[in-house]
Amino acid sequence: MEMTYNRDNPFTAPLKFRRRLNNPASDKNVQHLVFDVSNSDISYKCGDSIAVFPKNNENETTEILHLLKIASETQVKLPFRGEKISIFSALREYLCITNLSDQFWKWLGEIETGSDMGSFINDKILHSDPECQVLAKSYSLLEILKKFDGHCKVEPSELVSKLRRLMPRLYSIASSPLVDQNEIHIVVGVVSYTNAIGNKRNGIASNYLTNNANIGEGIKVFVVNSMFALPINTKSNIIMVGPGTGIAPFRGFLQERQCMVNKGDKVGKSWLFFGDRNQAMDFLFEEELQTFKNSGILTNLNLAFSRDQENKIYVQDRIWERRKELWSWISDGAYVYICGNASKMAVDVENTLKKIAMELGNFSEDETNVFFKSLKDNRRYQKDVY
């Protein structure tokens with residue numbers, strides 16, 4: 001009987017492999033991870049995503065309990081779990097201790113602490129002007145407890161009932177099941193930043209996966225099916241735009257087409273636009289992409305490394321440079337895929353494609369919008385953006 005894996009019933013997949021993809025001298029840290037799903041009946045297709053449950057930092061969890069004077073083995077019950085578990089496990093694996101809800105702040109502000117924590121929360125976090133609230137709400141649970149060291153006593157069961165559930169993070173799958181159905185590959189960019197109150201903050205999931213999880217450690221996952229997928233007609237041409245970690249699903253697409261060709265099937269042409277900051281530092285999967293290019297699976301490979309010259313060059317600039325051939329592909333039925341940053345890159349790429357349609361297709365602005373709506377309706381224009 002096939003097992004259904006989901007948020008409430010994830011599969012515990014051992015972390016099989018991990019390596020850094022870019023040069024250690026790069027100011028970014030991007031890693032390639034592989035999960036072992038051989039002991040499950042998990043299936044996926046190219047373009048799907050995998051949801052990964054992270055864990056909060058172990059030392060941070062321990063420090064929270066120390067400041068609250070709560071023993072780590074204290075048993076608590078979570079509303080979404082049947083059995084009781086230790087409060088340490090609850091805080092580390094199941095609850096969000098960084099992004100705190102209004103409900104949590106209201107509750108904490110009402111607790112008698114013997115300090116001015118309640119007035120600080122009510123004056124600065126709950127009832128201050130919006131700009132002040134943004135600053136104040138940057139506090140994590142640990143940061144607010146440190147600010148009022150030793151002055152907060154809470155019931156463990158109440159504490160866990162007021163915290164948000166720690167949600168899984170979605171990653172585009174960077175492999176094809178035709179290569180190995182027992183493995184799922186992802187690409188993770190490590191997140192690290194300084195928050196609004198001046199403290200260094202690490203991305204929970206990215207740092208757990210790349211720095212804290214051990215090889216062989218079981219990580220809770222489940223597959224999320226996506227409409228982002230290769231054309232049903234394998235002979236269709238595809239245009240892929242995936243700078244940075246946006247390369248992930250396209251590695252799977254190219255693996256899939258290589259496997260099909262190896263079996264004697266016919267596939268269409270493939271065109272990839274990839275970019276990042278520096279070619280010497282940030283050319284993700286360089287050897288694999290060159291191999292795909294040499295084998296003919298990847299017909300065209302256009303690169304945009306923004307900081308390798310005085311004037312920054314991005315993938316949309318390379319698209320514009322190759323606009324005549326690219327428009328010919330689109331006019332002949334090619335599928336267009338975009339993966340990566342939603343707020344900037346995807347917008348710039350779409351605007352460039354629309355500009356090409358207006359110039360080379362002689363479309364008005366309204367006709368261009370209708371044309372792109374038709375592409376989307378026919379699944380010939382797909383985005384996997386975040």
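Nothing in this text is a laboratory measurement; each read-out follows from the coordinates by a stated rule. These numbers come from a predicted model, not from an experiment. Cβ placement follows ideal geometry from the backbone for every residue including glycine, while neighbour counts extend to all protein chains displayed.
Spacing of the modelled spin labels on residue 181 and residue 93, each 7 Å from Cα toward Cβ, amounts to 2.9 nm. Could you pull out which residues in the range 229-245 have an amide N less than 15 Å from a spot 7 Å beyond the Cα of residue 299, following the Cα-Cβ vector? Hits in the range 229-245 for residue 299 at 15 Å: 231, 233-241. Once you divide the Cα radius of gyration of the range 322-386 by 2.2 N^0.38 Å, the number left is 1.06. Each Lys and Arg contributes +1 and each Asp and Glu -1, all at the Cβ; summed about the Cα centre of the chain, the dipole is approximately 520 debye. Checking the cross-link pairs 16/269; 269/354; 84/124 against a 24 Å limit on the alpha carbon distance flags 16/269; 84/124 as lying beyond it.
With helices as the sole contributors, the chain gives -9000 deg cm²/dmol at 222 nm; each DSSP H run of n ≥ 4 counts as -39500 (n - 2.57), and the sum is divided by every residue. When you work out D = kT/(6 pi eta Rh) for the range 1-78 at 37 °C and 0.692 mPa s, using the Kirkwood radius from C-alpha pairs as Rh and the Stokes-Einstein form, the result is 198 µm²/s.
When DSSP beta bridges are restricted to pairs lying wholly in the chain, around 60% turn out antiparallel. In loop segments of the range 243-309 as defined by DSSP, the trypsin sites (Lys or Arg not before Pro) with at most 11 further C-beta atoms inside 10 Å of their C-beta are 263, 266. Three principal axis extents describe the C-alpha atoms of the chain; from largest down they are 72, 51, 41 Å. Would you compute the Debye intensity of the range 89-151 from its alpha-carbon atoms alone, equal scatterers and no solvent, and pass along log10 I(q)/I(0) at q = 0.22 Å⁻¹ to two decimals? Here the Debye-derived log intensity ratios amount to -0.93.
Each Cα pair under 8 Å and six or more residues apart adds its separation to the average, and for the range 58-162 the resulting relative contact order is 34 percent. When its C-alpha radius of gyration is set against 2.2 N^0.38 Å (N residues), the range 238-385 gives a value of 1.04. Label sites at residue 347 and residue 280, each approximated as a point 7 angstrom past Cα along Cα to Cβ, lie 3.4 nm apart.
Modelled this way, with points 7 Å down the Cα-to-C-beta line, the labels at residue 321 and residue 376 are 3.0 nm from one another. Of the chymotrypsin sites (Phe, Trp or Tyr not before Pro) in the range 1-100, the ones in a loop by DSSP (not H, G, I, E or B) with at most 12 other beta carbons within 10 Å are 80.
If you sort the three axes of the alpha carbon gyration tensor as a ≥ b ≥ c, you get a/c of 1.5 or more for the range 206-318 and a/b no higher than b/c, which makes it oblate.
Multiplying the residue separation of residue 288 and residue 310 by 0.36 nm and subtracting their alpha-carbon distance yields 5.1 nm.
Within the range 122-188, the trypsin sites (Lys or Arg not before Pro) that combine a DSSP coil assignment with at most 15 other C-beta atoms in a 10 angstrom radius are 153, 164. Here the range 260-293 and the range 295-358 have alpha carbon centers that stand 15 Å from each other. For a test of the definition: using alpha carbon positions, the gyration tensor, and the 1.5 limit on a/c, classify the range 1-159 as rounded, prolate or oblate. It comes out prolate by the Cα gyration axes.
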